Amino acid sequence: MAQIPEPPFHDDDTSPSIAIRPVDLDESIAQSQQASTPQWQRAMGVLSLLGAGLFTIATLVVLLLPANNDPSPDIVSLPTEDTATIPTIPADVEIAEPTQVIADENPAQTISDDVQLPAVNADQLASILTAPIAVESPLQRLRYNPYTVVNTERARSDFIDYTVVQGDTIGDIAIRYGLQPESIAWCNDRRVVVVLRPGDVLRIPPVDGACHEVFGSRDETIEQIAIQYNIEDPYAIIDAEFNRNQLPPNLSPTDRLLGGTDLFIPNGEGPVITWNESTEEVDASGNVIGVGFANGQAGSCGSVTPSSFVGWLANPLPNGTWVRGFFAGHSGIDLSASSGTPIYAASSGNVLFSGFSRWGYGNAVVLEHGSTYKTLYGHMVSTPAVRCGDFVSAGTIIGYVGSTGQSSGPHLHFEIQVNGTAVNPSGTPGIGW
């Protein structure tokens with residue numbers, strides 16, 4: 001057997017025993033592997049490559065489009081009907097000015113002029129403003145009441161005092177409190193009908209009606225008072241809440257009332273009021289050249305030239321009895337006497353009024369005593385003893401005690417007026433009461 005000669009040994013060869021694979025062996029292996037790979041694996045590889053390409057394209061599109069980070073709701077989609085709540089704006093979102101939108105804190109980086117901000121038309125704005133807001137919403141609507149409205153329909157059970165200011169009239173005050181002007185006059189000094197001055201304090205009744213004071217010298221009952229003030233049911237006075245503290249419990253309409261009882265007669269009708277009782281006529285220098293009383297009424301004497309006041313007054317009813325004094329609802333004093341008792345002039349002067357008064361005095365006489373003083377005598381019987389055009393001296397009989405007009409029995413109602421203002425006759429020297 002022939003021997004194969006061994007290749008020569010070289011000292012510079014570090015791997016003298018390496019095996020060398022023929023080239024045709026590698027090609028054979030590659031062909032074998034390619035033949036063993038299934039077709040579906042090759043298809044999946046193609047699809048994977050295609051998906052990766054599409055994802056790359058989509059990512060580039062998103063990056064190139066302008067960003068819109070506004071989280072506010074679509075205005076068009078806001079409700080136009082009444083709903084419980086509307087979408088709220090997060091507290092960390094700042095509302096930018098309409099003319100500029102800041103992309104971030106870097107002022108150099110702004111949105112391109114090509115980007116258009118959303119527009120809000122008038123209808124959409126009105127829908128936003130009128131939509132109801134939830135209590136928990138940070139967009140709270142503040143509602144201010146610029147003035148206070150006093151509800152004049154609220155029931156009032158007590159009198160209140162009102163201090164007159166410059167420019168007030170009885171009519172204005174009555175409208176303010178929802179009353180008729182007569183109701184205020186019937187519960188205050190009769191002088192306010194003629195002259196109302198700043199600083200005067202008026203008693204304002206709770207509702208329309210009249211005031212009445214009971215005096216111990218007269219036997220008055222609720223039944224009689226109801227007739228006097230044109231009230232059909234006496235219990236309307238007894239049961240009125242305004243009189244609860246004035247009347248004893250279980251009071252009958254025919255029971256005698258205690259003196260000093262102050263009553264309010266709801267819907268009561270007092271004497272007919274004329275709002276221009278005393279009048280004056282002055283010249284260019286301000287001097288009084290004419291005085292009058294209840295001009296336009298049948299008993300008025302018109303404008304009369306004033307006489308000179310003698311400076312003193314006398315008792316008009318020496319044989320009378322004092323029964324009622326001067327107070328806020330009664331502008332004179334009442335002197336009781338039997339019917340037909342003579343009444344005397346308290347001082348000399350011209351007759352200003354002689355006849356039946358619509359004010360409630362019945363048959364009455366009014367005398368002037370210069371340009372300052374007047375005296376009034378009411379409730380006379382029949383026709384007074386003096387007439388227009390007469391000048392009477394102090395102590396002259398001018399009429400007789402009666403019970404005409406608003407009167408519950410024979411007596412004289414006597415008043416003194418100074419410059420149109422009623423004063424207390426009992427405090428006037430010479431009267432004797």
- Message: What's the total number of residues in the range 309-368 that are acidic (D, E) and over 13 Å from S426 (Cα atoms)?
- Response: 1
- Message: Can you pull out every residue in the range 209-236 that is in contact (Cβ under 8 Å) with a residue 24 or more places away in the chain and assigned to a helix (DSSP H, G or I)?
- Response: I222, E223, Q224, I225, A226, Q228, A236
- Is it true that some residue in the range 190-198 is under 17 Å from G360 (Cα atoms) and more than 35 Å from the chain's Cα centre (by Cα)? no
- Top-ranked residue of the range 282-305 - restricted to ones that are in a strand (DSSP E or B) and surrounded by 15 or more Cβ atoms within 10 Å (Cβ to Cβ), ranked as nearest to the chain's Cα centre (by Cα): F293
- Message: Filter the range 173-188 down to the residues that are among the charged types (D, E, K, R) and either crowded, with 22+ Cβ neighbours inside 10 Å or closer than 17 Å to G268 by Cβ (or both) and list them by number.
- Response: E182
- Message: Is it the case, given these coordinates, that Y361 is open to solvent by 40 Å² or more (accessible area, probe 1.4 Å) and of a type outside the set (A, V, I, L, M)?
- Response: no
- Message: If I ask for residues that are assigned to a loop (DSSP other than H, G, I, E, B), under 30 Å from D219 (Cβ atoms) and open to solvent by less than 40 Å² (accessible area, probe 1.4 Å), which ones from the range 406-433 would you list?
- Response: S407, G409, T428, I431
- By residue number, the members of the range 345-358 that are open to solvent by less than 10 Å² (accessible area, probe 1.4 Å) and within 46 Å of the chain's Cα centre (by Cα) are L352, F353, S357
- Query: So, in the range 21-68, of the ones that are open to solvent by 100 Å² or more (accessible area, probe 1.4 Å) and within 60 Å of the chain's Cα centre (by Cα), which residue ends up modelled with the lowest pLDDT?
  - Reply: N68
- Tally of residues being crowded, with 24+ Cβ neighbours inside 10 Å and touching a residue at least 60 places away in the same chain (Cβ under 8 Å) across the range 377-388: 1
- If you go through the range 237-261 one residue at a time, how many are outside any loop (DSSP other than H, G, I, E, B), among the acidic types (D, E) and in contact with a helix residue (DSSP H, G or I) (Cβ under 9 Å, 6 or more places away or on another chain)? 0
- Being out of contact with any Ser or Thr (no Cβ under 9 Å at 6 or more places or on another chain), open to solvent by less than 10 Å² (accessible area, probe 1.4 Å) and closer than 27 Å to G260 by Cα, is that true of even one residue in the range 315-322? no
- Task: Output yes when any residue across the range 211-224 is within 30 Å of I175 (Cβ to Cβ), open to solvent by 70 Å² or more (accessible area, probe 1.4 Å) and in contact with a helix residue (DSSP H, G or I) (Cβ under 9 Å, 6 or more places away or on another chain), and no when none is.
- Result: no
- Query: Out of (1) more than 21 Å from G311 (Cβ to Cβ); (2) in a strand (DSSP E or B); (3) among the hydroxyl-bearing types (S, T, Y), the odd one out for Y377 is which?
  - Reply: (1)
- Task: Only residues that are at pLDDT 80 or above and more than 16 Å from K374 (Cβ to Cβ): list them for the range 290-308, please.
- Result: A298
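The values are calculated or read from the model by the stated rules, or taken from the named source; none is laboratory data. All of these numbers come straight from a predicted model, not from anything done at the bench. Positions of Cβ are generated from backbone atoms using ideal geometry, with glycine treated the same way; all protein chains shown enter the neighbour counts. Ligands, DNA and RNA are stripped out before the accessible areas are found, and what is left, the full protein with its side chains, is counted by its heavy atoms. Shrake-Rupley method; radii C 1.70, N 1.55, O 1.52, S 1.80 Å.
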